[in-house]
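A.B. asks: Questions regarding the structure given below will be posed in turn.
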Amino acid sequence: MTTATAPFPRIRSRTVGRTTLRWVGIMGLLSFLVAPMVPLFIWSISFRWFYPDILPSEYSARAWEQVISPTNNVIGATGQTTLIALLCTVLSVLLGVPAGRALGLHNFKGKRIVEVLILAPIIVPGLAVVLGIDTMFIRYGLSGNILGVTLVHLVPTLPYMTLVMSGVYANYDVDYELQARSLGARRWATQRYVTLPAVFPGVVVGALFTFLISWSQYVLTLLIGDGQVETLPILLFNFARSEPAIAGALSVVFILPGILVLLLSSKYLSGDSAAVGGIGNI
Amino acid sequence: MTQVTLSGLTKIFDQKNPPAVDNLDLEIESGKLTALLGPSGCGKTTTMKMIAGLLRPTSGDILFDGDSILSIKPEERGAVMVFQNYLLFPYMTIADNIGFGLKMRKVNKKEIKSRVQDMLDLVQLPGFEERKPNQLSGGQQQRIALARALIVQPNVLLLDEPLSNLDAHLRDEMRVLIRRIQTEMGITTVFVTHDQEEAVVLADKVALLFDGRLQQFDAPDSFYDTPNTVEIATFFGGTNFIPGYYLDGTITTDIGVFDAPHSLVPEGNAVLSIRPEAVDLGEGGENSVSGTVLSHVYAGRYARFQIRIGDIEIEAVTEPGQVKLFADGDNIPVKFDPDKIWVLGTDTEKHPSAAYTG
Ligand SMILES: Nc1ncnc2c1ncn2[C@@H]1O[C@H](COP(=O)(O)OP(=O)(O)O)[C@@H](O)[C@H]1O
Ligand SMILES: [Mg+2]
């Protein structure tokens, strides 16, 4: 430690050049994300659209009517997807933050092994992992319900959250906490006034991306949900084959949170942020 | 005020390594400034953290005014530590940083505000309330860190190398400030440093640590006049060591026999130590031997001579006026004043490099 402030994350850059650069980058990323949405959106409002026409010859609001109509359960599925993703995010934060702290701050015997084990679910295809735990879930009644699906979503999200937080804590000087204690702060007050502000950007970024990972799960939901839990990706996949216009409309709904998350997290993804240490530079 | 007693205090981080702090006994006087001195890695910070309650000792006890405080939480000990790298909370203003301890004690906002201002005046940085730590220089951050500790009126103030990150002129200023505040408030203060000069200038009493073990706990000048070991004398710089045999107030060495009334050993193999500025050149008589001037350096306020006596080389520091008196190659009498000779035990086997020159 050479200076007082260096070990602390997030000293925001105020240089105009860098700010401009960041915005150019974000706009670029956005257009990259928005571009594929244009044909999807056109699909969703088209009635006839045949080769070689560049635009549909007839338009219709049918697909969007279908999306809103209760018979297809799009609204219900959106609510369910959101609920699962929120639950999954809360659990990932509650478990991943302390786990990341232990991993980032402390050196202990077998730390490398723990790190590899944490990465395992990311490296090994989710399908293989889930086939293994499927029978167990059935036995404990976790198959075919929201709770089971939420838990299985932790397989990809929890390692992710843990890794982000271990990156944040690796750049964090725990002596700040000791200093606070010495000045008279109790344990919880130290967490509240010293630790939380320091790691908050990392928690936000980790949580937002955790939400997205859960939001977009298909295989895990299909297997553990057992056809009983209908989320947006499941619906989308069903319509993709039969009703391209509805699938187009659903895709627009499906992709929106991703763009929202990108906008929200861009604030924390500046080059100086410690959160970047956990997820790599964009 | 609070007297701090360390009793057999030991900290072992790792069974494979020797203890970071090893069976430390120390009586830190109430209202005084005590320096904890020693080279980097000797366990100074570890000791401070244990006193502050931020690190659990492996064994031993810590007492405040005679009562063990091991079971008391850090926030309730009244011993506030100021870390070496200041650790100002970066997202808080200077006012919030200084007021932190009072806020934790649920003092009302109005009082916090006025006491923060008093503290800023005390450390001579009025008007800094709304700044952020990263807008301050190292010296200013150091003062804020001090203010943040003082505002809670600690019983024991623990300063970990408060001057080591400052450049020379700031260091002198800060030294004066610390001494003034400490004397005014009369807080029992422990001050860590690896700089023996700093310890001597600032402290009422100095505890010297090597490798986690207490070497000597004394008034500052004792480390120069009556060090416990050759190693300590070496750490305090520039002493001549001549091995010999001590018996009945005289020490017999290869270059002669000297009267030496002040000795740490009653009898036996010993080391004569004499500081370069205590060596009298050109004076004969009692306790003098003949030497040859090898070289000399004129250094402004003093002159430094290398002298060969028999097979031994010693160093002498004199008034600049004497430079002209002796030329390199001259044979001159060299006198060791008996009152300035200090006879030590031999620890030359452990420290062969320290055996002959300082
Ligand atoms: N948290 C720790 N874990 C393991 N070893 C430590 C820890 N803190 C300090 N040490 C070791 O203890 C010894 C004393 O350290 P320290 O008290 O920081 O020394 P100083 O402050 O005198 O430079 C060193 O050898 C250091 O490596
Ligand atoms: Mg230290």
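FYI, it's all coordinate maths here, none of it is from the lab. This structure is a prediction, so every number in the text was calculated from the model and none was measured. All Cβ positions, glycine included, derive from the backbone under ideal geometry; neighbour counts span all protein chains shown.
A.B. asks: Setting aside same-chain residues fewer than 8 positions from residue B:324, which lysines have a Cα under 23 Å from its Cα?
C.D. replies: Within reach: B:335.
A.B. asks: Also, quick follow-up: Antiparallel as a % of all DSSP beta bridges within the protein assembly as shown, to the nearest 5?
C.D. replies: Just about 75 percent of them are antiparallel.
A.B. asks: Would you mind working out the magnitude of the charge dipole of segment B:160-234 relative to its Cα centre, with +1 at each Lys and Arg C-beta and -1 at each Asp and Glu C-beta, to the nearest 20 Debye?
C.D. replies: 200 debye
A.B. asks: Top mean-square fluctuation among A:76, A:132, A:104, Gaussian network model of chain A, C-alpha springs under 10 Å?
C.D. replies: Of A:76, A:132, A:104, the Gaussian network model singles out A:132 as fluctuating most.
A.B. asks: Report the relative contact order of segment B:28-129, percent, no decimals, based on alpha-carbon pairs under 8 angstrom and at least 6 residues apart.
C.D. replies: Working: 55 pairs, mean separation 16.3, N = 102.
That works out to 16 percent.
A.B. asks: Using a 10 Å cut-off on Cβ to Cβ distances, tally the other chain neighbours for every residue of B:266-272 and report the average as a whole number.
C.D. replies: 0
A.B. asks: Let me ask you something else. Quick check on packing: order B:106-113, B:148-155, B:22-29 by the mean number of other C-beta atoms within 10 Å, highest mean leading.
C.D. replies: Highest mean packing first, the order is B:148-155, B:22-29, B:106-113.
A.B. asks: Dimensions of segment A:52-158 along principal axes (Cα, Å, largest first)?
C.D. replies: 67, 39, 25
A.B. asks: Additional query: For segment B:37-120, just say rounded, prolate or oblate: build the C-alpha gyration tensor, square-root its eigenvalues into a ≥ b ≥ c, call rounded for a/c under 1.5, and beyond that prolate if a/b exceeds b/c, oblate if not.
C.D. replies: oblate
A.B. asks: What is the packing order of peptides B:63-71, A:212-220, taking the mean over residues of other C-beta atoms within 10 Å and listing the highest first?
C.D. replies: Working: B:63-71: 12.9, A:212-220: 19.7.
Top to bottom by mean Cβ count within 10 Å: A:212-220, B:63-71.
A.B. asks: Right, something else. Relative to the longest principal axis of the C-alpha atoms of chain A, give the angle of the C-alpha long axis of helix A:146-170, reported between 0 and 90° and rounded to the nearest 10°.
C.D. replies: 40 degrees
A.B. asks: Let me ask you something else. What dipole magnitude, in Debye to the nearest 20, does the protein assembly as shown give about its Cα centre under +1 on Lys/Arg Cβ and -1 on Asp/Glu Cβ?
C.D. replies: Here the size comes out at about 3880 debye.
A.B. asks: Now for a different question. Considering only A:80, A:95, A:219, whose Cα is most displaced toward the positive end of the charge dipole of the protein assembly as shown, charges sitting on Cβ of Lys, Arg (+1) and Asp, Glu (-1)?
C.D. replies: Of the options given, the answer is A:80.
A.B. asks: Evaluate the relative contact order of chain B (contact order divided by residue number), counting alpha-carbon pairs under 8 angstrom at least 6 apart; express in whole percent.
C.D. replies: 16 percent
A.B. asks: Turning to a different aspect of this structure: For residue A:109, give me every one of the aspartates and glutamates with a C-alpha distance below 19 angstrom, ignoring sequence neighbours fewer than eight places off in its own chain.
C.D. replies: B:14
A.B. asks: With springs only between Cα atoms under 10 Å apart, run a GNM on chain A and tell me which of A:156, A:125, A:98 wobbles the most.
C.D. replies: A:125
A.B. asks: OK, next. Taking the simple approach of a point 7 Å from Cα along Cα-to-Cβ for both residue A:255 and residue B:301, what is their distance in nm?
C.D. replies: Each label point lies 7 Å from its Cα, and together they span 7.8 nm.
A.B. asks: Hey, another quick one. Kirkwood-based Rg over Rh for segment A:72-281 (C-alpha set), two decimals? Write out the running numbers ahead of the final one.
C.D. replies: On the way: Rg = 19.1 Å, Rh = 18.5 Å.
Over the Cα atoms of segment A:72-281, Rg/Rh equals 1.03.
A.B. asks: To the nearest whole number, what is the average tally of beta carbon atoms from other chains within 10 Å of the beta carbons of peptide B:221-229?
C.D. replies: Taking all residues of B:221-229 together, the mean is 0.
A.B. asks: Give me the orientation-averaged projected area of the Cα convex hull of chain B, in nm², one decimal.
C.D. replies: So the Cα hull casts an average projection of 21.4 nm².
A.B. asks: OK, next. Around residue B:11, under 11 Å between beta carbons, what's the net of Lys plus Arg minus Asp minus Glu among the other residues?
C.D. replies: Net charge around residue B:11: 0.
A.B. asks: Okay, moving on. Just order B:316-325, A:225-234 by mean Cβ neighbour count inside 10 Å, highest at the front, would you?
C.D. replies: A:225-234, B:316-325
A.B. asks: Considering every residue in B:91-97, what mean count of other chain Cβ atoms within 10 Å of its Cβ is obtained? It would help to have the intermediate numbers written out before the result.
C.D. replies: Working: counts 10, 3, 0, 0, 0, 1, 1.
Counting other chains' Cβ atoms within 10 Å and averaging over B:91-97 gives 2.
A.B. asks: Which links in B:44/B:73; B:49/B:113; B:11/B:44; A:111/B:44 stretch past 19 Å when you go from one Cα to the other?
C.D. replies: B:44/B:73; B:49/B:113; A:111/B:44
A.B. asks: Pull up the cross-link candidates among the lysines for residue B:340, meaning alpha carbon to alpha carbon under 24 Å and not fewer than 8 places away within one chain.
C.D. replies: Partners found: B:205.
A.B. asks: Hey, any idea what Rg/Rh is for the protein assembly as shown, computing Rh the Kirkwood way over Cα pairs? Don't skip to the end; give the middle numbers.
C.D. replies: Details: Rg = 35.9 Å, Rh = 30.6 Å.
Result for the protein assembly as shown is an Rg/Rh of 1.17.
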